[in-house]
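Chemist: My structure is below; once you've seen it, I'll send some questions.
The values are calculated or read from the model by the stated rules, or taken from the named source; none is laboratory data. All figures in this text were calculated on a predicted structure; none of them were measured in a lab. Here the Cβ is made from the backbone with ideal geometry for all residues, glycine too, and neighbour counts use every protein chain on show.
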Amino acid sequence: MIIFGLVIAGAAFPVAFGNAAEAALTSITELFGWFYLFSVFGFVVFLIGLALSKYGKVRLGPQDSTPSYSFFSWISMLLAAGFGVGLVFYGMAEPMTHYINPPYGDVPAESEAAARYAIQYSYFNWGIHQWAAFSVVGLIIAYFQFRKGQAGLVSSVLSSVTAKHPHVRPYASWLDVFAVVATVMGVATSLGLGVLQMNGGLNAVFGLPENGFWQFVILFVMFCAYMASTWSGLDKGIKRLSNLNMALCIGLMLYVLFTGPTIAILETITLGIGDYLQNFIGMSLRISPYSDNQWASSWTIFYWAWVIAWSPFVGTFVARVSRGRTIKEYVFGVLFVPPLLACLWIGVFGGAALNLELNGTDVGLAAATEANITVALFEMFDLMPFSGVLSVLAMLLIFIFLVTSADSASYIVAQMTDNGSINPPLYKRVVWGVLIAAICLTLIVAGGL
């Protein structure tokens, strides 16, 4: 009923719906920014400590169980659910944005120092902290589901409390309600952003108009694709598409690395990782209590609020595909491998763009990013050999990421609304897939993206 209410409200009052969503987000980031910073940093410390302790040998399942998926497929599915289209969307655009408007105004805009800061903070925003939130939720659910035989629900963490105090059970179920709403709204927003970027890419490559009609067409095609994937199931649909996604990501990265300024890109990655590790704690807790806190609220705190809201979905999915791994394997795989791949992606695409902007002759990437962030990646491809092929492959990558994200979400929400069943019925997955598309369309119409 909550989801239906949001769809109806957004469709009936699109402007008011968009304004209310924006006002709520602003209030949350301003009032609770300090709490988000402390919490996410605490997750990182907790997970590393747990993995290094004697409990790191505990297996998520019977002690003699083995992982359900190969390491490659496991990581591929984690990336598809956790990063999705966002990394493609901002992998090049975010460093360019920080280059134009440096974090906290510490260095001059559009300078070499700004480029260095841009990579450092992009690594931070897409790095270990983001996956710490996903990891904590996923670990809790996986432990109670596969080790203790509880339902695969967020509320399972309170099972010992509800067993002793039955009157608490109705309140615990609201955790699952929140998880469903957060998942549907989060995936719908991600899907909408992907639709906008695909429309921008099609406009840049083929001259297709950027308007509501074509955005509806793109969304409809995506809807049909993820419904087909939903019909195929987790092992056939999501796993195979995730493996294809990983192969496309690696292929695009290698092409840009070797056709772009190779040495400069490798140096950018090296320096960026060094700056990230050297300033890890300082960035984790940095806020501006004595001056304008706009940058932190707009970027880091916004990201942490987003990933915490996103974590019921990603965490539940991570738990679902992590059965049979030890806690140490789990923490290593979830907390460190996806951030490392994100650093490589940002270092290659962001590093190439920054180098072209600093050393090129009026290439215009900074201006293009500032004007329309959805086409920034395609503008960079125009400066490289076989730009048309690169743009088509990037759009295919975005498309598959969106399909896997929506399919994963419909699967997980169906699981949440089927008492945590590990194999929810097909009709529930289809119903939730339809609702996700409806919310996405509402957000596009309301301009809430």
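Chemist: With the requirement that a residue be of a type in the set (Gly, Ala, Ser) and part of a helix (DSSP H, G or I), what does region 304-346 give you? Step through it out loud before you land on a result.
Modeler: Let us first name the residues in region 304-346 that are of a type in the set (Gly, Ala, Ser), namely 305, 309, 311, 315, 319, 322, 324, 333, 342.
Result: 305, 309, 311, 315, 319, 333, 342.
Chemist: If you don't mind, there's one more thing I want to ask. How about region 54-63: which of its residues are of a type outside the set (Gly, Ala, Ser) and at pLDDT below 90? Even if it seems obvious, please write down each step before you answer.
Modeler: Narrowing region 54-63 to residues of a type outside the set (Gly, Ala, Ser): 54-55, 57-60, 62-63.
Within region 54-63, 62, 63 meet the criteria.
Chemist: Shifting gears a bit: If I ask for residues that are touching a Gly at 6+ places or on another chain (Cβ under 9 Å) and part of a helix (DSSP H, G or I), which ones from region 61-85 would you list?
Modeler: 71, 74, 75, 78, 85
Here's the yes/no breakdown for (1) over 23 Å from residue 128 (Cα atoms); (2) among the charged types (D, E, K, R); (3) over 23 Å from the mean Cα position of the chain (by Cα):
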{"site": "203", "(1), (2), (3)": "yes, no, yes"}
{"site": "226", "(1), (2), (3)": "yes, no, no"}
{"site": "241", "(1), (2), (3)": "yes, no, no"}
{"site": "251", "(1), (2), (3)": "yes, no, no"}
{"site": "260", "(1), (2), (3)": "yes, no, yes"}
{"site": "264", "(1), (2), (3)": "yes, no, yes"}
{"site": "278", "(1), (2), (3)": "no, no, yes"}
{"site": "284", "(1), (2), (3)": "no, no, no"}
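Chemist: Step by step: first the residues of region 218-273, then only those that are surrounded by fewer than 20 Cβ atoms within 10 Å (Cβ to Cβ) and charged (D, E, K, R), then the one that is nearest to residue 391 (Cα to Cα). Which residue is that?
Modeler: In this case the residue turns out to be 240.
Chemist: Consider residue 396 against the criteria (1) touching a residue at least 12 places away in the same chain (Cβ under 8 Å); (2) buried (at least 19 other Cβ atoms within 10 Å of the Cβ); (3) not acidic (Asp, Glu): it satisfies all of them except one. Which criterion is unmet?
Modeler: (2)
Chemist: Select from region 286-303 the residues that are in a helix (DSSP H, G or I) and of a type in the set (Ser, Thr, Tyr) and list them in ascending order.
Modeler: Initial filter on region 286-303 (in a helix (DSSP H, G or I)): 294-298, 300-303.
Result: 297, 298, 300, 303.
Chemist: May I pose another question? Could you identify the single residue in 334, 375, 348 that is under 30 Å from residue 227 (Cα atoms), β-branched (Val, Ile, Thr) and at pLDDT 85 or above? Walk me through it before giving the result.
Modeler: On the way: 375 fails: at pLDDT 85 or above; 348 fails: under 30 Å from residue 227 (Cα atoms).
Result: 334 is the single residue among 334, 375, 348 that is under 30 Å from residue 227 (Cα atoms), β-branched (Val, Ile, Thr) and at pLDDT 85 or above.
The rows are residues; the columns are (1) surrounded by fewer than 23 Cβ atoms within 10 Å (Cβ to Cβ); (2) at pLDDT 85 or above.
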| residue | (1), (2) |
| --- | --- |
| 65 | yes, yes |
| 70 | yes, yes |
| 76 | no, yes |
| 90 | no, yes |
| 96 | no, yes |
| 101 | yes, yes |
| 106 | yes, no |
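Chemist: Right, here's the next one. Going through region 44-63 one residue at a time, which ones are in contact with a Phe, Trp or Tyr (Cβ under 9 Å, 6 or more places away or on another chain) and surrounded by fewer than 15 Cβ atoms within 10 Å (Cβ to Cβ)?
Modeler: The answer is 62, and nothing else.
Chemist: Name the one entry in 420, 388, 347 that is buried (at least 23 other Cβ atoms within 10 Å of the Cβ) and touching a residue at least 24 places away in the same chain (Cβ under 8 Å).
Modeler: On the way: 420 fails: buried (at least 23 other Cβ atoms within 10 Å of the Cβ); 388 fails: buried (at least 23 other Cβ atoms within 10 Å of the Cβ).
Step by step, each of 420, 388, 347 is checked, and only 347 is buried (at least 23 other Cβ atoms within 10 Å of the Cβ) and touching a residue at least 24 places away in the same chain (Cβ under 8 Å).
Chemist: Right, next: Being surrounded by fewer than 19 Cβ atoms within 10 Å (Cβ to Cβ), closer than 27 Å to residue 380 by Cβ and of a type in the set (Ser, Thr, Tyr) is the filter here, so list the residues in region 274-302 that pass it.
Modeler: Within region 274-302, just 298 meets the criteria.
Chemist: Taking region 366-379, which residues are of a type in the set (A, V, I, L, M) and more than 9 Å from residue 92 (Cα to Cα)? Talk me through it step by step, then tell me what you get.
Modeler: The first filter runs over region 366-379 and keeps only residues of a type in the set (A, V, I, L, M), leaving 366-368, 371, 373, 375-377.
366, 367, 368, 371, 373, 375 - these are the residues of region 366-379 that are of a type in the set (A, V, I, L, M) and more than 9 Å from residue 92 (Cα to Cα).
Chemist: When residue 161 is evaluated against the numbered criteria (1) at pLDDT 85 or above; (2) farther than 28 Å from residue 376 by Cα, which criterion, by number, is the only one it fails?
Modeler: (1)
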